């Protein structure tokens, strides 16, 4: 009986994959959930600093002036938050193990300057079969940030999300400005905008006849003087369907103007503070809020 068990075990082991690791003879297989070390593609990095802000252990430091990106290996917990947050997808989670060490290991990477797209020169006037050459099309992120002032509600969420503090929003004065030198064109503000009125476009581009170039408020004021006054757009306010509401306070938490107050079976809206951005309706898990024009 004992011989039969031994023979069965031997035959089973001959055809089954061994539990021991045969590295480096056989390449190591990593599970999908395996955490590893963070690597960076320096050619794609724009030094926006979003990865540094998202890192829960402050293991990443970004120096825009010195154009360096560094990571403290022993401080990194390989959570992958930086990889998910990177707008340029230049961070990679490599499935490899980093051995603990008593000394701090800091890896520093030099980030090269981003090449600016060249524009074609205009063709000489009067040449047959030729017309003035238009600026060469650039890839996404190559043009300036623009705001459609017809749609903007000046909620300020874009300015709060900007990792470079390049945006200034003044709701009282109806001013939206961007510091073009500070802006790294990461697109974080575009993703955060609830009205989808931000985009990267060529300078002077118009949308619906009223698209303003970023930071060019003087030009907008001159245009406003030349054009007849537009009809005031009706403000939309959130309206609650009390039967659907579960009073989870999600709308209160996401409101950028603190215009909502939620208590036990009580939902209140401060219409003076509300800017009609619609974030509360968008994020409501019970779909109990609907945006309607104010009477």
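The values are calculated or read from the model by the stated rules, or taken from the named source; none is laboratory data. Treat the numbers as computed from the prediction; the structure is a model and nothing was measured. Every residue, glycine as well, gets a Cβ built from its backbone with ideal geometry; the counts of neighbours run over all protein chains shown.
Within region 275-295, which residues are within 21 Å of residue 160 (Cα to Cα), crowded, with 18+ Cβ neighbours inside 10 Å and touching a helix residue (DSSP H, G or I) at 6+ places or on another chain (Cβ under 9 Å)? Steps first, please.
Of the residues in region 275-295, the ones within 21 Å of residue 160 (Cα to Cα) are 275-283.
Then keep just the ones that are crowded, with 18+ Cβ neighbours inside 10 Å; that gives 275-281.
Once the filter is applied, which keeps residues that are within 21 Å of residue 160 (Cα to Cα), crowded, with 18+ Cβ neighbours inside 10 Å and touching a helix residue (DSSP H, G or I) at 6+ places or on another chain (Cβ under 9 Å), region 275-295 yields 277, 279, 280, 281.
Looking for whichever is loosely packed, with under 13 Cβ neighbours inside 10 Å and modelled with pLDDT of 90 or more here; the options are 196, 222, 227. Which one fits?
Numbers: 222 fails: modelled with pLDDT of 90 or more; 227 fails: modelled with pLDDT of 90 or more.
When all the criteria are applied, what remains is 196.
Going by what's in this entry, would residue 164 be described as within 17 Å of the chain's Cα centre (by Cα), at pLDDT below 90 and either crowded, with 19+ Cβ neighbours inside 10 Å or not in a helix (DSSP H, G or I) (or both)?
Values: within 17 Å of the chain's Cα centre (by Cα): yes; at pLDDT below 90: yes; either crowded, with 19+ Cβ neighbours inside 10 Å or not in a helix (DSSP H, G or I) (or both): yes.
Taking the combined requirement at face value, the residue satisfies it.
Quick one: which of 65, 53 is in contact (Cβ under 8 Å) with a residue 12 or more places away in the chain and either over 20 Å from the mean Cα position of the chain (by Cα) or within 20 Å of residue 185 (Cβ to Cβ) (or both)?
Values: 65 fails: in contact (Cβ under 8 Å) with a residue 12 or more places away in the chain.
Every option except 53 fails the conditions.
Condition (residue is at pLDDT 90 or above and more than 29 Å from residue 195 (Cβ to Cβ)) applied to region 93-104: is it met by at least one residue? It would help to see each step written out before you state the result.
Taking region 93-104 first, the residues at pLDDT 90 or above are none.
The answer is no, given that none of the residues of region 93-104 is at pLDDT 90 or above and more than 29 Å from residue 195 (Cβ to Cβ).
Going through region 266-291 one residue at a time, which ones are farther than 14 Å from residue 243 by Cα and touching a strand residue (DSSP E or B) at 6+ places or on another chain (Cβ under 7 Å)?
Going through region 266-291, the residues farther than 14 Å from residue 243 by Cα turn out to be 268-283, 291.
Hits for region 266-291 are 268, 269, 271, 274, 276, 278, 280, 281, 291.
Find the residue count for region 68-94, including only residues that are part of a loop (DSSP other than H, G, I, E, B), within 24 Å of residue 113 (Cα to Cα) and without any contact (Cβ under 8 Å) to a residue 60 or more places away in the chain. If you could, list the steps in order and put the result at the bottom.
Filtering region 68-94 down to residues part of a loop (DSSP other than H, G, I, E, B) leaves 73-80, 86-90.
Then drop every residue that is not within 24 Å of residue 113 (Cα to Cα), which leaves 86-90.
Okay, now just the ones that are also without any contact (Cβ under 8 Å) to a residue 60 or more places away in the chain, so 86, 89-90.
Of the residues in that region, 3 qualify.
In region 26-41, how many residues are surrounded by 12 or more Cβ atoms within 10 Å (Cβ to Cβ) and either in a loop (DSSP other than H, G, I, E, B) or touching a helix residue (DSSP H, G or I) at 6+ places or on another chain (Cβ under 6 Å) (or both)? Walk me through how you get there before you give the answer.
Filtering region 26-41 for residues surrounded by 12 or more Cβ atoms within 10 Å (Cβ to Cβ) gives 28, 30, 34-41.
Restricting the remaining residues to those that are either in a loop (DSSP other than H, G, I, E, B) or touching a helix residue (DSSP H, G or I) at 6+ places or on another chain (Cβ under 6 Å) (or both) gives 28, 30, 34-36, 41.
The number of residues fulfilling the criteria is 6.
Return yes when residue 44 is at positive phi, part of a loop (DSSP other than H, G, I, E, B), at pLDDT 85 or above and surrounded by fewer than 16 Cβ atoms within 10 Å (Cβ to Cβ) and no when it is not.
Details: at positive phi: no; part of a loop (DSSP other than H, G, I, E, B): yes; at pLDDT 85 or above: yes; surrounded by fewer than 16 Cβ atoms within 10 Å (Cβ to Cβ): yes.
No.
Has region 119-130 got any residue that is modelled with pLDDT of 60 or more, farther than 19 Å from residue 70 by Cα and either in contact with a strand residue (DSSP E or B) (Cβ under 6 Å, 6 or more places away or on another chain) or not assigned by TED's automatic domain parsing to the domain that holds residue 37 (or both)?
Applying the first criterion (modelled with pLDDT of 60 or more) to region 119-130 yields none.
Looking for residues that are modelled with pLDDT of 60 or more, farther than 19 Å from residue 70 by Cα and either in contact with a strand residue (DSSP E or B) (Cβ under 6 Å, 6 or more places away or on another chain) or not assigned by TED's automatic domain parsing to the domain that holds residue 37 (or both), one finds none in region 119-130, hence no.
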